[in-house]
Structure formats: C-alpha cells, structure tokens
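The numbers here are math on the coordinates, done by the rules we state, and not lab data. All of these numbers come straight from a predicted model, not from anything done at the bench. Neighbour counts run over all protein chains shown; Cβ positions are idealised from the backbone, glycine included.
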Amino acid sequence: MKAKLFFLFFFIGCSAVTFTSADNLSNIGLANFSSTDKKEEVLLAGTLETGMIKSLSIIPFEVWKSSTSIDISYLSTLSNITVEIKDESGQTFYHSIVNPVSGGQLIIDIQGWGAGTYTITLSNDKGGYVYGTFVI
C-alpha cells in the first residue's frame, strides 16, 4: 500500500511541473539562454607542414564564431600550434601557443572587441598555417 501511495504522489508531483512559456524559465534561472545566438563557421584556407614528405591536406581544425566567442575544435592531435587573431590594422587581439588534442576545444571570449573584420591564423613551427576571417 505504501508503495502505491508513493508512486501516486510521485506521478502527481512530476505532472504538476510544466513550462509553457519563457517566463516560466526565468523562475529556474534559464532566462539568459538565447536561442538566437547562432554560430557561424569561419572558413579556413592554407596547409600545415608536418615535417613529413606531404603536408596535411585536411585542415585539422573547425572554427566557429558566435556573438560572444570564437570556438576552435581540434580534429587531430598536433604539437605546438600558435593561435593568433588580428584586426584589419594588424593589432593582435589574441595570441597563444596550444597543444591540440583530437576532440579538444579552445574557446576565446570576444565580448568587448570592436566591430570590424578579424583574421585568425593557426600556425606551426614547420612553416605551415591556416587562416580565416570573421566579422564582429
């Protein structure tokens, strides 16, 4: 009998929680979620020299831009990649050396950067690089 009552109260409790509008989401702390912040792919060109006979013919990165960040996904494990982002005048806004691991990701906060066109370059010590541009 106790088990039946427990399941009855559990079922009633679960069915009483419904969300019918975005206003209800604010009650649980999800009001700042924005479904309009879409990511755009940053198209990359170039090649990375690997030190072997052939360079990598597949670009081992995916770069995506949202209104708040640049997201770099690593598709291969590589050593010492320099990530640099510059504006149209050549001013460096971001510079870092990373060791990408396949499946890893780097997220760069771009909030507060001025409107304009930026170039992202990912290069290695073998002389290879890939690059792409994005607009804020």
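Between residue 43 and residue 82, the modelled labels are 2.7 nm apart [label points 7 Å from Cα along Cα→Cβ]. Summing +1 for each Lys or Arg and -1 for each Asp or Glu among the other residues whose beta-carbon sits under 11 angstrom from that of residue 65 gives -2. The charge dipole of segment 67-126, taken about its Cα centre with unit charges on the Cβ of Lys, Arg, Asp and Glu (plus for the first two, minus for the last two), comes to roughly 140 debye.
For segment 34-135, what is Rg from Cα atoms divided by 2.2 N^0.38 Å, rounded to two decimals?
Values: Rg = 13.6 Å, N = 102, 2.2 N^0.38 = 12.8 Å.
In units of the 2.2 N^0.38 Å rule of thumb, it is 1.07.
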